[in-house]
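A quick write-up on the structure given underneath.
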Amino acid sequence: MKCIKIDNMLRTARLIMLAVLSGGIFAVPCGIYAQSAPRTVSGTVTDAATGEPLIGATVQVKGVTIGTTTDLNGMFSINLPANRKTLLFSYVGYEAQEIAVGRENYLNVALKQDANALDEVVVVGYGQQKKGMLVSSVQSIAPAELRMPSSSLSTGFAGRLAGVIAVQRNGQPGADQADFWIRGISTFGSATKPLIILDGVAIDANELNGLAPEIIESFSVLKDATATALYGSRGANGVMIVTTKNGKNLDKPVINFRFETALSTPTSRPETVDAVTYMQMYNESVLTRGTGQIPYTQAKIDGTRAGSNKYIYPDVDWYDEMFKNLAVNENFNFNIRGGSSRVDYFMSATVRHEEGMLKNLSRDYFSYNNNYSVWRYAFQNNVNVNLTKSTKVSLKINTQLRDTHGPVKSSENIFGMIMNGNPADMPITFPDDPTVNHIRWGGKAMVKNPVAEMVTGYKDEFQSVLNANLSLDQNFDFITEGLSASALISFKNYSYTQTSRSAGYNSYEISGTHTGDDGLEDYDLEIRGNEQSTTLATSSSTDGDRKIYIQGMINYNRSFGRHDVSAMVVYNQEETALGNPGSLFSSLPKRKQGLAG
């Protein structure tokens, strides 16, 4: 049997019919023979320049979602469907190849390095480097990958940055940022967080979380000692370097705005039992394990099951009473980018609003609403002025404001009280008594009333952070090609104000039961402890600091044919002063100096 190419299907049918009628040997069309069944194609993928195997190169069948990767020896094996003839080969930093597979079942594929990818610039310590020159562990991520419906930038790290561990411990609005580490923890004590650099100046994690993805130009993570050496001991736990966008020489300014609404809901919640089931399980544990606790009486269990009196026999689902299952959050960003050959600018404004999942129960008892409500405002203004062809002055101002309103108790504390309580201990409140001028909250010894703890007061917090950077870049090509210098001075001011208004509450407990005039079971109440004042008392506190940072740097970067030579020396100095020192010792400013090369 032999294979011939036939372009016309009608001609194919005629040839087969003639061969059958003549009883002779007939030719089979190549297309039909080749597509009769799927087959396995294997081979190797190597570097075209060195011949070394490429580990983890991607091999994919074109047009379908069938793919594999090469092993430690650069070898692969893939199932090629009957109707597919093309394989795609790709590897990071190499040019992709598309190969049409003929009748062969083994391929040797050599990929060439992508010169354009090697020339891409990566932001590293105190400057930039080409990818082809990197010998340290540095990862860059596109800012668009961090754009997600979240109020904190750090919650987008998990799964998007290799080597970065991110853990979100809290869902409270304004406190839902993630804790993150780069390749674990490398130091003792409390200083275990990575160093974060924004436009050349160190910031903290709260300021990082306040950045909008729309203003970020580049985001790099320095992981190993080679990459972080220039930052000394400050970079022992890794470094994150963030640069913001600059303007461009455009005929018309580019205006962008984005508005989004996000719905938040709990991913899961602990399932709780009703009061009857709780008391039965409690009695079982007391009687079978000999704990010495007093079990619930059968009369209380039967009365709760019958629902005869919700004050004597309460059955309260504290979670459902206090939490709702949905919260609405809004996010708005507006930015404008433009300029000319002499001056360019980038300006951005971001407004975010978050609501908590607490029900507005305080409205049922008092005149205020103490549910969580967080407003965040962030402004970024970058202006670059080219004084001459070799001299540039830049001013970058980042301002973040946060206004938080909520209960005095934290959400973690409130949730803990719910989990520690049980549905059978007490009602939320007892009916009003005209002889007293306060709410009669349900209570029991050693147990707090979660609703009363949540609604009796509210707290307002206001934070502001201002970062202003003024820099000068001077090119000295007129002295020698590749020589440049820069200077940076930065001022940061942080302030925090908190005002709390809270009151005590009076809790009552049933001291006994009796039969009322109507023949129904009734109860007697007694106040627990002394009567508390229910007038809101005010307390406040302030905090803050200011920092001045100075940096000077000399750079030399030049290419000689295929060789690159670079050198750098940088000096920096930082001074921190507390805005509310409190003592003579703490009023003294802290200073540190650094020299690196």
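Nothing in this text is a laboratory measurement; each read-out follows from the coordinates by a stated rule. Everything numeric in this text was worked out from a predicted model, so none of it was measured. Ideal geometry is used to build each Cβ from the backbone, glycine not excepted, and the neighbour counts take in all protein chains shown.
Tabulated data
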quantity: Violating pairs (Cα-Cα greater than 27 angstrom) within the set K248/K389; K248/K592; K252/K547; K193/K592; K324/K459; calculated: K248/K592; K252/K547
quantity: Per-residue Cβ neighbour rank within 10 angstrom, fewest leading, R289, R305; calculated: R289, R305
quantity: For the chain, with +1 on Lys and Arg beta carbons and -1 on Asp and Glu, the positive-most of T46, H514, F430 along the dipole; calculated: T46
quantity: Cα-based reach from K444 at 18 Å (exclusive), listing lysines while leaving out same-chain residues under 8 positions away; calculated: K300, K310
quantity: The chain: antiparallel DSSP beta bridges as a percent of all, rounded to 5; calculated: 90 percent
quantity: Chymotrypsin sites (Phe, Trp or Tyr not before Pro) within the range 330-422: DSSP coil, no more than 16 neighbouring Cβ in 10 Å; calculated: Y368
quantity: Rounded Å value of the spacing that divides the Cα centres of the range 66-87 and the range 380-446; calculated: 55 Å
quantity: Shape category assigned to the chain from the gyration tensor of Cα positions, a/c cut at 1.5; calculated: oblate
quantity: Local electrostatic count, V221, Cβ distance below 12 Å [Lys/Arg +1, Asp/Glu -1]; calculated: +2
quantity: Cα centroid separation, the range 487-548 to the range 179-249 (Å); calculated: 39 Å
quantity: The chain: DSSP helices with Cα axial extent of at least 18 Å and average Kyte-Doolittle hydropathy no lower than 0.5; calculated: 9-22
quantity: Area projected by the alpha carbon convex hull of the range 332-404, averaged over all directions, nm²; calculated: 6.2 nm²
quantity: Within-14-Å neighbourhood charge of E207 [Cβ basis; K, R +1; D, E -1]; calculated: +3
quantity: Straight-distance crosslink candidates among aspartates and glutamates, where the alpha carbon sits under 13 Å from K590 and sequence neighbours closer than 8 are dropped; calculated: D545, E574, E575
quantity: Distance between the range 342-372 and the range 551-589 - C-alpha centres, whole angstrom; calculated: 37 Å
quantity: Semi-axis lengths (Å, descending) of the ellipsoid that matches the C-alpha gyration tensor of the range 533-597; calculated: 49, 16, 6
quantity: Antiparallel bridge percentage (DSSP; both residues within the range 162-242; nearest 5); calculated: 75 percent
quantity: Reach of K112 by Cα under 16 Å, taken over aspartates and glutamates that are not fewer than 8 positions away in the same chain; calculated: D47, E52, E95, E98
